[in-house]
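Here, each number is a calculation from the coordinates, and none is a lab measurement. Please read all numbers here as calculations on a predicted model, not as lab measurements. Cβ coordinates were reconstructed from backbone atoms using ideal geometry, including for glycine residues, and neighbour counts include every protein chain displayed.
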Amino acid sequence: MVRLEKRAEPSRAWSMATPVVAVLATMIAGGLLFAALGKDPVEAIRTIFWEPLFGEFSFYYRPQLVVKGAPLVLIAIGLSLGFKAGIWNIGAEGQYIIGALTGAGVGLAFYPMESVVIFPLMVLAGALGGWAWAMIPAVLKTRFGTNEILVSLMLVYVAEQLLASMSLGLLKNPEGYGFPGSRNLQQYASAHNGDLIAGSGLHWGAAAALIAVIFAYVLLNRHMTGFHIRLTGDAPRAARFAGVSPTRLVLFCMGVSGALAGLAGLFEVSGPAGVVSIDFNVGYGFTAIIVAFLGRLHPVGILLAGALMALTYIGGDIAQSNLGLPSAAIQVFQGMLLFFLLAFDVLTNFRIRLGASEVA
Amino acid sequence: MDLSAINPVQLIAFLMVAATPVLLAAIGELVVEKSGVLNLGVEGMMITGAIAGFAATVESGSPAVGFVAAAFAGALLSCLFVVLTQFALANQVASGLALTLFGLGLSALMGQTYVGVKPPATGKVDIPVLSDLPVVGPILFNHDLMVYFGIALVAATWAVLKYTRAGLILRAVGENHDAAHALGYKVVRIRILAILFGGACAGLGGAYISLIRVPQWTEGMTAGVGWIALALVVFASWKPWRALLGAYLFGGVTVVQLNLQAAGVAIPVEYLAMSPYLITIVVLVILSADKSSAPAALGRIFHASR
Amino acid sequence: MSDVLLSLKGLTKAYPGVVANDQVSFDIGVGEVHALLGENGAGKSTLVKMIYGLVKPDSGEMVLNGTPYAPAEPRAARADGIAMVFQHFSLFDALNVAENIALGMENPPPMRDLAARIRAVSETYGLPLDPYRTVGGLSAGERQRVEIIRCLLQDPKLLIMDEPTSVLTPQEVEILFETLRKLKSEGTSILYISHKLEEIRALCDHATILRLGKNVGECVPRDTSARDMAEMMVGTALKTPERSGRALGPVALSIKGLSVAAPSAFGTALKDVTLTVHQGEILGIGGVAGNGQDELLSVLSGEVLCAPGEVLLHGEAIGHLNPIRRRKLGVLAAPEERLGHAAAPDMSLTENALLTGSVREGLAQGGMINWGATRRFAQQVIEAFDVRTPGTENAARSLSGGNLQKFVIGREVLQDPDVLVVNQPTWGVDAAAAAAIRQALLDLAAKGAAVICISQDLDELMEISDNFAALNEGRLSAPRSAEGLSVDEIGLMMGGAHGMEVAHV
């Protein structure tokens, strides 16, 4: 009989090791899945993890890693603050959409004027849009005690409908020959979020993600606010005793995560995506939840996890075109990763003992 | 705009159909939460049930087989949640999310070959004489079996929770798992059974969408119904009959907005389509002031230590 | 007392790093009230859990009525006539009395019959209880009655009671003893666990004393002095805290006519509380658990805010200030619940030192934390209060209860408070540590600080307080000088017998 025994203190070694073990376990389980789908598992895993980095066309894929990874890291950093404190913003996808809408909206409002202030204004609008959208569940939680998980999630569906409405209505390209979708911001110099170094994939979103990582690291390790976030997650009553105001903490964590998700949306719509359209959002807001956990809610961990998750996206695309691996298989693969991580996480706080069970 | 095309009798009859998926999922989750476990994976279990039921029905030609398969698939997926939360003692919120993300991917993978396929129709229970009655006939006596099954499930859940020893033990475990353990009850075993039941119910709810309500398979077709089911449990203050009421309210909103869309009301389609989600939020706000009826151990991790 | 009901032979149970019970043997006679005496951590709980089937011994055996007895689970123990009243009641707040009792029975009768039986038993033993009341709304004494009745309905041969009097007023204790004596006269054996020596001398026929998991001696309590038993229990001669005569200074902190609504459905509302504490004074606040102790501490620490003028510090209104701003002014607190309230379990001692120390010790400037200074402060607390731990980076939860309590109290005392509020400062702490903590509180008062000590241990309060008041259902009695206060008077201040009646023997 196997039983668990609580460790006197959390194991640091296991805390670092579980993400690695989880990735390895996912490779094995994923390989079995790919084999079941009739694909060569070794080849599939190699394509996903090796091809984008060191394969023949890696010069093309490496910048793509940055493009895919930046929004994931940016959103996950924001989410991790709340998750650490037990505040569950599950609606980053919605905040991402709204950030893109408000940011692009501001940019398009200036069209065709050219000015250096337009892009900063769009950045501000994107952050504010995401922030405001996240404030809805935050304020409802602090004022009425409404569950933020459900409200933030419902607002994703509302945001998707708004996106549809905007791309077919208000923001529709008047010169688009009736096709749905906005003007292409890539062709509007003042509003375009292009590569900072040509061909590197490093756009402003990537820069913002790096800044967010550093900001979160300092906040959590050196600042009282970060200490209060961690304290609230470990012992909410002790946090109140220490003098933390739960209301302000909810507003702060939800606000930061909303603003960062909004920024991610703005950088995406003004850069890689270019247009506001019905299929603009591709689930970064949800995948970022996996990234946040895989990175152990630690800023540096999230950076690495974001890179890994971007790898599976791009590797998955390659596997789709080269091996005919269905895109849904990659989604399952990412889901598995979170499963294994949560399962192995038990080893951080518990020791596994073999032997007679304690209570019969 | 032609509102006269909306037939109130049909509206009510259709409301009961629209409410059934969310009702099935909610009643399952209600039992899970009564045992002290918060499973946020309802959406994932529903969509898995939707494709499993759809596939089984198409392959076997029998909707009955499909529903059984859907319940089985939902319960099977919930086993993953059991492993994470009851054995690996993982955070229930994170585990539930994992279940939903995984279920969405898995269903998309399973459903690839079923896009655009039409499932065999599910027969209605035709009660002679009664179903021919005016007004009450179409509303009450002319539905498929699952509509009645959903109502019966509410009644059974209510009775079991209120009057039986099994129900009492379930409530006790959800109220204070340490005390239940001290009295010698198998907390983990009881919770596992509740979670499996919740999974099966969610699976049935999902299959109802893909087999009867729509009926066809598209990716992500549950579109948040699983999350609404979670909201419904809060709305219902963990009381079965109130879950039925809530489900009909939600069904009513859905049906009315669809009818308004069809009637060409001057409100853009997107705003009508977001109304069920907005109304869910409003209801949550109104009702979340009263949390006293929530099971006290809800979402807390149980570890039998010395 | 001739026949042996239950015989324990060499029971041993080890947990990683600690032997909870080491070769414990003793007999419990039929109709005997047998005391199990020992300090916190002596292994009493583990021992009774083995008897009740919650824990399996590593070695040793038990014999019940001449036949080997090895319960696999509590259900089996109950079937063999063993019943237990837990120290922390295993009750379900949202369920009613009858439902709670049904859960503790193997084959409960239908609810209506059960309710009738509950009424019958409760009348026989003088424990009035309405079967349909929700348990969450009951007082601690009433909750204990639920547990006792649950046990009595099974006609137990052996009733185990784990620290039963810690939640009762002195008057309620007397009533409980009547009930237990009546049970004994009917032939029921009782295993009575306590560390309160006078109680044991009043009630028990025989005592077994545990220390560090070992049986270190037996005695007949009536013929043994409390002091001798205490020394067997602790192993060394006890040192009573020194208390020099103190002169009280001006008023440090006062509350006038404060009412606060209950924080939760089953919490206690504070009603018209008036309180004054002077510099150099220790104000002891007694009362049975759940009568507003937590709530009073929250109001004083600033976790619960009220109107500015409702709490005055040196005449200044501070009722609206949060805990951080109150600390700045010198009002510090140490809550009862060590893990989760006073300290964060998974955080290191350094981080826990920062938890309340950031303001007064200047550990954070402009929000940026000075970890070096924080570590030094934690180290200082560890050294000054003899906290046994490998170092400042160990998690709070890795410390034993007594050591963590010393850390928590030390953390506040070293910040040099003007007013210190403590709740249950020595609960679950071994005698040596408890004495050290009491001494620290006395020293603090001697230096001119005002100390409010909320506790359920009346002996402790009588030992250190200048004035004494009691909480009863959220009301605070008028304070009285602690000197010369009789047990009866204290009991009445605590609310008397809370509507209980003496058993109709």
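About its Cα centre, the dipole of the stretch C:21-177 is roughly 420 debye, where the only charges are +1 on Lys and Arg Cβ and -1 on Asp and Glu Cβ.
Dimensions of the stretch B:108-181 along the principal axes, based on C-alpha atoms and rounded to the nearest Å, stand at 52, 43, 15, largest first. Considering only alpha-carbon pairs that sit under 8 angstrom and 6 or more positions apart, the relative contact order computed for the stretch C:4-234 is 29 percent. The angle between the Cα long axis of helix C:170-185 and the longest principal axis of the Cα atoms of chain C comes to about 10 degrees, rounded to the nearest 10. If every alpha-carbon in the stretch C:56-105 counts as one equal scatterer, what log10 I(q)/I(0) does Debye give at q = 0.14 1/Å? Values, matching the q order: -0.49. Charges on Cβ only, +1 for Lys and Arg, -1 for Asp and Glu, centred on the Cα centroid of the protein assembly as shown; of A:Phe215, A:Leu65, C:Ala226, which one is farthest towards the dipole's positive end? Projecting each Cα onto the dipole axis, the largest value belongs to A:Leu65. Using 21 Å as the Cα-Cα cut-off, could you pick out the over-long pairs in C:Lys56/C:Lys214; C:Lys49/C:Lys214; C:Lys56/C:Lys184; C:Lys256/C:Lys447; A:Lys84/B:Lys34? Beyond 21 Å: C:Lys56/C:Lys184; C:Lys256/C:Lys447; A:Lys84/B:Lys34. Take the Cβ atoms of A:Arg3 and C:Gln439, set R0 to 35 Å, and the FRET efficiency comes out at 0.25.
For a paramagnetic label modelled on C:Trp371 (point 7 Å from Cα along Cα→Cβ), amide N atoms under 14 Å away belong, within the stretch C:337-359, to C:348-352, C:354.
Distance between the 7 Å Cα→Cβ label points at C:Glu473 and C:Asp113: 3.6 nm.
By other beta-carbon atoms within 10 Å, ranking B:Ile228, A:Ile149, A:Ile90 with the fewest at the front produces A:Ile149, A:Ile90, B:Ile228. Working from label points 7 Å from Cα in the Cα-to-Cβ sense, the C:Glu218 to C:Val18 distance is 2.7 nm.
Radius of gyration (Cα atoms) of the stretch B:167-284, expressed as a multiple of 2.2 N^0.38 Å: 1.36. Using the Cβ-Cβ distance between A:Arg248 and B:Val129 with R0 = 51 Å, the FRET efficiency computed as 1/(1 + (r/R0)^6) comes to roughly 0.20.
Select from chain A the helices, each a whole stretch of DSSP H, whose alpha-carbon atoms run 20 Å or more along the helix axis and whose Kyte-Doolittle mean is at least 0.5; answer none if there are none. Span-like helices in chain A: A:12-36, A:58-84, A:92-110, A:118-144, A:148-168, A:204-222, A:246-270, A:299-323, A:327-344.
Computed from point charges on the beta carbon alone (+1 for Lys and Arg, -1 for Asp and Glu), the dipole magnitude for the protein assembly as shown about its Cα centre is near 1040 Debye.
Around the Cα centre of chain C, unit charges on the Cβ atoms of Lys, Arg, Asp and Glu (plus for the first two, minus for the last two) sum to a dipole of about 820 debye. In angstrom, the C-alpha Rg and Dmax of the protein assembly as shown are 32.7, 105. For trypsin sites (Lys or Arg not before Pro), the sites in the stretch C:115-150 that DSSP calls loop and that have at most 14 other Cβ atoms within 10 Å are C:Arg133.
Taking the C-alpha atoms only, the angle from helix B:145-163 to the longest principal axis of chain B is near 30 degrees.
Measuring gaps between exposed loop sites in chain A (GluC sites (Glu not before Pro); DSSP loop; at most 12 other Cβ atoms within 10 Å), the longest gap, sites not included, is A:176-360.
Its relative contact order, with pairs defined as Cα atoms under 8 Å and 6+ residues apart, puts the stretch A:66-292 at 44 percent.
Entry for chain A at q = 0.06, 0.12 Å⁻¹: log10 I(q)/I(0) = -0.24, -0.93, Debye formula applied to identical alpha-carbon scatterers, no solvent contribution. Between the residues A:Ser277, C:Gly141, C:Ala470, the greatest Cα displacement towards the positive end of the dipole of the protein assembly as shown, with unit charges on the Cβ of Lys, Arg, Asp and Glu, is found for A:Ser277. Take each residue in A:87-97, count the other chain C-beta atoms within 10 Å of its C-beta, and the mean is 1. Estimated at 0.36 nm per residue, the fully extended path between A:Phe144 and A:Ile278 surpasses their Cα-Cα distance by 44.9 nm. Going by neighbour counts of Cβ atoms within 10 Å, the residues C:Cys453, C:Cys151 line up, fewest first, as C:Cys151, C:Cys453. Listing A:Ile302, B:Ile139, A:Ile87 from fewest to most neighbouring C-beta atoms within 10 Å gives B:Ile139, A:Ile87, A:Ile302.
Extending 7 Å from Cα along the Cβ direction at A:Val42 and again at C:Asn65 yields two label points whose distance is 7.0 nm. Peptide C:347-360 has a mean shielding of 3, counted as Cβ atoms of other protein chains within 10 Å of each residue's Cβ. With N the number of residues in chain B, Rg(Cα) / (2.2 N^0.38 Å) evaluates to 1.01. Rounded to the nearest whole angstrom, the semi-axes of the ellipsoid equivalent to the stretch C:1-115, taken from the Cα gyration tensor as √(5λ), stand at 28, 18, 13, largest first. For the stretch C:114-201, the list of GluC sites (Glu not before Pro) that fall in a loop by DSSP and count at most 10 other C-beta atoms within 10 angstrom reads C:Glu186. The alpha-carbon of A:Lys172 sits under 27 angstrom from the alpha-carbons of these lysines, leaving out residues fewer than 8 places away in its chain: A:Lys68. Each 10 Å bin from 0 upward holds the following percent of the Cα-Cα pairs of the stretch C:4-234: 8, 33, 36, 19, 4, 0.
Every helix of 4 or more DSSP H residues in chain A counts as -39500 (n - 2.57), and over all residues that averages to -23500 deg cm²/dmol at 222 nm. What is the angle, in °, between the Cα long axis of helix C:140-152 and the longest principal axis of the Cα atoms in chain C? Nearest 10 is fine, range 0 to 90. The helix C:140-152 is inclined about 20 degrees to chain C.
The slack in the chain from B:Val214 to B:Trp241, taken as 0.36 nm per residue of separation less the alpha-carbon distance, amounts to 7.1 nm. Of all DSSP-defined beta bridges confined to the stretch C:4-234, some 55% are antiparallel rather than parallel. Mean separation of Cα pairs under 8 Å and 6 or more residues apart, divided by the residue count, gives chain C a relative contact order of 17 percent. Kirkwood Rh over alpha-carbon pairs of the stretch A:202-349, then Stokes-Einstein at 37 °C and 0.692 mPa s: what D in µm² s⁻¹, rounded to an integer? D, rounded to a whole number, is 188 µm²/s.
Given chain C, report the % of alpha carbon pairs whose separation exceeds 44 Å. The proportion of pairs with Cα distances above 44 Å equals 17 percent.
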